[in-house]
1. Which ones in region 88-112 are under 25 Å from residue 72 (Cβ atoms), in contact with a helix residue (DSSP H, G or I) (Cβ under 9 Å, 6 or more places away or on another chain) and not in a helix (DSSP H, G or I)?
2. On the basis of being loosely packed, with under 14 Cβ neighbours inside 10 Å and in contact (Cβ under 8 Å) with a residue 40 or more places away in the chain, does residue 132 make the cut?
3. Could you please give the count of residues in region 115-141 that are over 21 Å from the mean Cα position of the chain (by Cα) and assigned to a helix (DSSP H, G or I)?
4. Looking at 257, 316, which is the one that is closer than 20 Å to residue 213 by Cα and either crowded, with 20+ Cβ neighbours inside 10 Å or not assigned by TED's automatic domain parsing to the domain that holds residue 233 (or both)?
5. Filter region 143-153 for residues that are free of Cβ contacts under 8 Å to residues at least 40 places away in the same chain and part of a helix (DSSP H, G or I); which is surrounded by the fewest Cβ atoms within 10 Å (Cβ to Cβ)?
6. Within region 237-249, is there a residue that is under 28 Å from the mean Cα position of the chain (by Cα), surrounded by fewer than 21 Cβ atoms within 10 Å (Cβ to Cβ) and either under 22 Å from residue 310 (Cβ atoms) or at pLDDT 85 or above (or both)?
């Protein structure tokens, strides 16, 4: 080979592209999308009774977490799974709850002040008997102003109810009722808050009876008739036992009559929640029982309930409810219902005697309804929600995702504690 050819081959060899060196590709980033998939699978395993396996998977992924958000999410999920396991592993319950608390605290170290994590941690501390710690966490959650969004207001109301319960368990009744009242203002239709407010004022004693009366009036205006009725029955029973509070008891009884009439159903059994006549021999209660027991008797002895227009109106509404109950008995009750309507109309229009003539002929259903429709109607309202309680948040929903920049996201999935 000539020297020129050799040089040409050598130059071609130098210019030829070399085969690339083998490079090991880095593993795909373990971001939030993967974390959601892993936690969703862990939840499925837990629901299938394989919670130990789910814990191992999440703990392994937690050790590999690459950023704060993912670490907080996995730690939150681990805490939830440990709580789940503690419910079935009674022998290890306390140890598992302590591990759950550590997991929640790790989540908070990564993403501080996340309300969902703080909420679950407060519930764990309560279950461990650390009431003071739970109160501190819940107070931290309740600090600041009240939110405007309905979902956020409802969530804060639930936390305030738990805070009030824990304060009441320590005998701090005044602080408890303040927490309950704030919860009721945040969620006016929440029956759980309503009953707790009533219980707190009842426990605080006689000095708070006027305030309890106002609370019951507010509950009635909000449509929580059942809670208002029960609160008023408690108030009448308690207030009538002390001479200084008898005026409050009478006012509570008048309000009770209006709210009870609004139910559209009344019978002697409806008065069982009120004190017996011998316990409180007051004309207001005695006359009320007489009217309910015999709505067509002469009104000569009904002096208390016919003394003012306000009371006559309340009595007319009660008679209307009695007539509605009679209508439900069928054809046999229509004639008596019509006569009760007549008496109610007379009372409503200021004719205190207002008794239907005994010679009244049987009246068809349409006649009874015409009298019913011409009576004044009390304001009604939608029934309140049942007590949802404070729920432990599951890790799978957006609202449970701790986030470094935006801690309180919306739409959590929740698991009731029962």
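1. The one that is under 25 Å from residue 72 (Cβ atoms), in contact with a helix residue (DSSP H, G or I) (Cβ under 9 Å, 6 or more places away or on another chain) and not in a helix (DSSP H, G or I): 111.
2. On the way: loosely packed, with under 14 Cβ neighbours inside 10 Å: yes; in contact (Cβ under 8 Å) with a residue 40 or more places away in the chain: no.
Answer is no for this residue.
3. Initial filter on region 115-141 (over 21 Å from the mean Cα position of the chain (by Cα)): 125, 128-133, 136.
Now drop any that are not assigned to a helix (DSSP H, G or I), which leaves 125, 131-133, 136.
Of the residues in that region, 5 qualify.
4. Values: 316 fails: closer than 20 Å to residue 213 by Cα.
Selected residue: 257, the only one of 257, 316 that is closer than 20 Å to residue 213 by Cα and either crowded, with 20+ Cβ neighbours inside 10 Å or not assigned by TED's automatic domain parsing to the domain that holds residue 233 (or both).
5. Top of the filtered list is 150.
6. yes
The values are calculated or read from the model by the stated rules, or taken from the named source; none is laboratory data. Keep in mind that this is a model prediction, so the values were computed, not measured. We place every Cβ from the backbone using ideal geometry, glycine too, and count neighbours over all the protein chains shown.
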